[in-house]
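**Q** A single structure is presented below for examination.
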Amino acid sequence: MNLINKLNKGDKIALIAPAGAVFENSLIDKSIEKINSFGYVVKLGKYIDCKHGYLAGDDSKRLQDLYEAFVDNEVKAIFCIRGGYGTIRLLDKIPYDIIEKIKKFL
């Protein structure tokens, strides 16, 4: 059985918004502070502060952030700043054949 390695202080965590938009940037700042307080380094998704209606960017941008977080070898875990309906819209677009081989916390 292949297990995911535990996180260690100094590990890089991607912070993305695969669903609802973040309408208050203070939420991003507070999330970064909290993750940093545990000794981790934050890498923000390129489109974390995008807005497309109530979503954090259109489907392609949110999917790109998710995909890039998975394939980035420096990123050890992926944290989602928000959840919601927008994530469901990505399910049939996720390249499972690629990400299923990558062991990361999501």
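**Q** Can you give me the relative contact order of segment 12-99 as a percent, contacts being Cα pairs under 8 Å and 6 or more apart?
**A** 44
**Q** If I model segment 1-99 as equal point scatterers sitting on the Cα atoms and use the Debye formula, what is log10 I(q)/I(0) at q = 0.10, 0.13, 0.15, 0.21 Å⁻¹?
**A** Ignoring solvent entirely, the Cα scatterers give -0.27, -0.45, -0.59, -1.07.
**Q** If amide H atoms are built 1.01 Å from N in the plane of the peptide, which residues on other chains or at least 5 residues away come under 5 Å of the amide H of F105?
**A** I78
**Q** Next up: Tell me the mean residue ellipticity at 222 nm calculated for the chain from its helices only (DSSP H runs of n ≥ 4, each -39500 (n - 2.57), averaged over every residue, nearest 500).
**A** Values: 4 runs with 34 residues, N = 106.
The helix-only estimate for the chain comes to -9000 deg cm²/dmol at 222 nm.
**Q** Let me ask another. Which whole-Hz couplings ³J(HN,Hα) result when phi for each residue of segment 76-90 is put into the Karplus expression 6.51 cos²θ - 1.76 cosθ + 1.60, θ = phi - 60°, listed in order with x for Gly and Pro?
**A** 9, 8, 10, 10, 9, 6, 9, x, x, 4, x, 5, 4, 5, 8
**Q** Let me ask something else. Using modelled backbone amide H atoms (1.01 Å from N, in-plane), which distant-in-sequence or interchain residues come within less than 5 Å of V42's amide H?
**A** Correct list: I13.
**Q** Just to be sure I understand: of the beta bridges DSSP finds with both ends in the chain, what percent are antiparallel, rounded to 5?
**A** In the chain, DSSP labels about 15 percent of beta bridges as antiparallel.
**Q** Okay, moving on. For H52, which sequence-distant residues (separation of 5 or more, or a different chain) have an amide H within less than 5 Å of its own amide H, given hydrogens modelled in the peptide plane?
**A** Hits under the 5 Å cutoff: G57.
Rule-based calculations on the coordinates, nothing more; no lab input. Note that the coordinates shown come from a computational prediction; the quantities given were computed from them, not determined experimentally.
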